[in-house]
Each structure stands twice: as structure tokens, then as C-alpha cells.
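The values are calculated or read from the model by the stated rules, or taken from the named source; none is laboratory data. In this text the structure is predicted, and so the values were computed from the model without any measurement. Counting neighbours? That spans all protein chains shown, and the Cβs are built from the backbone with ideal geometry, glycine included. Protein only, heavy atoms only, side chains kept; ligands, DNA and RNA dropped before computing areas. Shrake-Rupley method; radii C 1.70, N 1.55, O 1.52, S 1.80 Å.
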Amino acid sequence: DTGVSQDPRHKITKRGQNVTFRCDPISEHNRLYWYRQTLGQGPEFLTYFQNEAQLEKSRLLSDRFSAERPKGSFSTLEIQRTEQGDSAMYLCASSLRDSTDTQYFGPGTRLTVL
Amino acid sequence: GNSVTQMEGPVTLSEEAFLTINCTYTATGYPSLFWYVQYPGEGLQLLLKATKADDKGSNKGFEATYRKETTSFHLEKGSVQVSDSAVYFCALDSGGYQKVTFGIGTKLQVIP
């Protein structure tokens, strides 16, 4: 299967700990997005990469959050000093550069902060 | 800013009933419009899309027409099946780098 993959699928951590999630996009896709989805809500945009360049960050992305895409392929999202309010599903999506192209979503990483 | 408003669920229908899920939007410019579906335990999947006014997106028996005059993109299906039970998200992308704005989702439950 050559879809978007995310790892881990589930993460339980204690408040104050750091966590890191990984996203592997579809191989030829140069755009990569991170979203956050809380229970009963739709996904909310967090950040966007075109190749290795992070071109926009949402105001939802506090300074405890950092995302990288070092070689323009996979991406990581790190949350430092986690808080209970960080509990959510973190979704990754990728697309081709064409502005009309569809975003393909991964299965998500569900984070629970105790 | 951009926003999407869709009817809150849950929506419960009997098999073979007609489905409508309403969606309206606010956006600058000329957004592309989408319906995504999330089946239980699975990731978001694109169901259908329309990129300009009066376009009709269709897939798996679902349809939605891009109505610029009413800023709407209502999802319809003539005869739902139990396997259609899922959460449906209306969304828009106002171009540029495709930041997608989603509605809150409507849960559909189809009973035999």
C-alpha cells in the first residue's frame, strides 16, 4: 500500500513528557500537512510543508509544538511538555503541488495525555 | 476567514432512505469544496469534490452540487445502505497552498 502512513497509531503519555510523531507521505507528493482533530470536531490545520520548507503555521501551534521535514520526505511533529489539552488525533495529509490536487490523509496518531 | 457550517448529527436513517446533509460555507475567492468520509476506525477519505460553481461531484451514489449563489454544497444520496454509516465532513480549500477548512462532521447511522 502506498498511502500516507503515520506512526505510532496510539500514544499514551503523562503530562509534561515530550512526544514525537512521524508521517510518511505518498512518495511523489511534495506537499505535507498536519491537522489536529479533537473529539466531535473536524480537523483543524496546524502546519504545511512544501518539500522541506515549512510555509505556514497555525496560531494553534504553540511554541511547544515543532514540526520538521528535513529531506522533503517524511515529517515529524514534536510536542514538548505535553498538557492534557493536547489530547487529540493528529492527522497528516499529503498532496501534489498542483493547486487542484486532492489531499490524502493518513490514519492518524491518537494522543492521550494523562 | 473561511468557515464551514454543516448540520449536526447524529442522523439516523433506515436502509434505502434518502439522505441529505446540509453544508454552507463562507470563504474569500473561489474555493474548492469537498466531502470527506470517516468510517469507524479508519482515516479520512475524500468522497467527492467540486472545484467551481455549478459543478457536481459524485461518487459511490453520493452527489453534491456547488451552489455559489447560496454558498452551499449539500450532500445527497438516493438510497443509503448500512455500509454508509460513518462521519461525513464538508470542507473547503480556498486555493494557494490548499489549507483545508473542515466542518464539525455529521455522524450518519443507517439501520437495517
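Is there a residue being within 14 Å of another protein chain (Cβ to nearest Cβ), touching a strand residue (DSSP E or B) at 6+ places or on another chain (Cβ under 9 Å) and of a type in the set (Gly, Ala, Ser) anywhere in segment A:54-71?
Checking segment A:54-71: at least one residue is within 14 Å of another protein chain (Cβ to nearest Cβ), touching a strand residue (DSSP E or B) at 6+ places or on another chain (Cβ under 9 Å) and of a type in the set (Gly, Ala, Ser).
If you check B:Ser58 against the conditions, is it touching a residue at least 40 places away in the same chain (Cβ under 8 Å), open to solvent by 20 Å² or more (accessible area, probe 1.4 Å) and small (Gly, Ala, Ser)?
No; evaluated as a whole, the condition is false for this residue.
Which is small (Gly, Ala, Ser) and in a strand (DSSP E or B), of B:Gly57, B:Gly1?
B:Gly57
I need a count of the residues in segment B:55-78 that are touching a strand residue (DSSP E or B) at 6+ places or on another chain (Cβ under 7 Å), more than 14 Å from chain A (Cβ to nearest Cβ) and farther than 18 Å from B:Leu19 by Cβ.
1
So which residues in segment A:2-20 are in a strand (DSSP E or B) and either exposed (fewer than 13 other Cβ atoms within 10 Å of the Cβ) or more than 14 Å from chain B (Cβ to nearest Cβ) (or both)?
Scanning segment A:2-20 gives A:His10, A:Lys11, A:Ile12, A:Thr13, A:Val19, A:Thr20.
Read through the list (1) surrounded by 13 or more Cβ atoms within 10 Å (Cβ to Cβ); (2) free of Cβ contacts under 8 Å to residues at least 40 places away in the same chain, then give the number of the only condition that A:Lys71 fails.
(1)
Within segment A:21-45, count every residue that is open to solvent by less than 80 Å² (accessible area, probe 1.4 Å) and either in contact with a Pro (Cβ under 8 Å, 6 or more places away or on another chain) or assigned to a strand (DSSP E or B) (or both).
12
From the set of residues in segment B:15-36 that are among the aliphatic types (A, V, I, L, M) and more than 8 Å from the chain's Cα centre (by Cα), which is nearest to B:Pro112 (Cα to Cα)?
Taking the candidates together, the pick is B:Ala17.
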